[in-house]
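Trainee: The structure's right below; bear with me while I get my questions together.
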């Protein structure tokens, strides 16, 4: 597992939280999603997330956004107009507030994430 260090505290410790996309949002497969939350703050959370191949629809609230950096694997994020970005290992992406589209895991993925809700 990759590591996240917290200033003043050292290496973070977290347990795995497992979930699956909501059935009404599934597009392809039923991928298992593992979340290792490293740090929680009232308006921000970050950690490591990994997921099996699959796709589901996403709807970000107007006050929610995510920055992520892919450690391994590949994702595609499709917008409502049929355009998509492809993010692979070593690359980063941003899902902006109010985004509506489809999150597709093309190759099993592991990523660092930072979600801000303010």
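Trainee: For residue 34 and residue 81, what is the calculated FRET efficiency with R₀ set at 35 Å and r taken between the beta-carbons, to the nearest 0.05?
Mentor: After rounding to 0.05, the efficiency reads 0.70.
Trainee: Return P(r) of the stretch 46-103 (all Cα-Cα pairs; 5 Å bins starting at 0; whole %; ordered from short to long distances).
Mentor: Histogram of Cα-Cα distances, whole percents per bin: 4, 17, 28, 30, 17, 3, 0.
Trainee: Let me ask something else. Compute the relative contact order of the chain as a whole-number percentage, counting only Cα pairs closer than 8 Å that sit 6 or more residues apart in sequence.
Mentor: 28
Trainee: Which value results when the Cα radius of gyration for the chain is divided by 2.2 N^0.38 Å?
Mentor: For the chain, the normalised Cα radius of gyration comes out at 1.04.
No value in this document is a laboratory result; all are computed from the given coordinates. Fair warning: this is a prediction, and the values are worked out from it, not measured in the lab. Don't worry about glycine lacking a Cβ; one is built from the backbone with ideal geometry, like all the others, and counts go over all protein chains shown.
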